[in-house]
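One structure is given below, encoded as structure tokens.
Each reported figure results from applying straightforward, stated rules to the coordinates on display, with no laboratory input. Since the model is a prediction, treat every value here as computed from it, not as a measurement. Because the Cβ atoms are built from the backbone with ideal geometry, glycine has one as well, and the counts that use them run over all protein chains shown.
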Amino acid sequence: MRVKMLRLMCSPEHGNHDAGDEVDLPEQEAARRIAAGDCVAADAADKPRLRDKLRGRRGGKEPEQADKPLAKQTVAQLQAYAAEHDVDLAGATTKADILAAIEAAQDDDEDG
């Protein structure tokens, strides 16, 4: 299997290879090194890795809250949504309370 190295590989069986080198490895060895984060499949080398997308990692960012339904958002995201839409959260202490307040405000907006 052809892989692109992400870091230096020193191996008696496969030799020394710098980051960025493309190397042919046996399937099992390639799978082990990919799982360890040493390399990626050569055809997938340009695709971002999951750990790079995670929040707080190498410029990764949190998904936009507009992409998620309200029920799937975190309390912090719901509070930010409420602040942006001038929703009064007085007395709302749980996620269910915050959701109820937001939904009530949306119903008021639709009616009025």
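DSSP loop trypsin sites (Lys or Arg not before Pro) in the stretch 2-41 with at most 15 other Cβ atoms within 10 Å of their Cβ, which ones?
Those that pass, being in a loop and sparsely packed, are R7.
Per residue, how much space in cubic angstrom lies within the convex hull of the C-alpha atoms of the stretch 65-111?
Residue-normalised Cα hull volume stands at 70 Å³.
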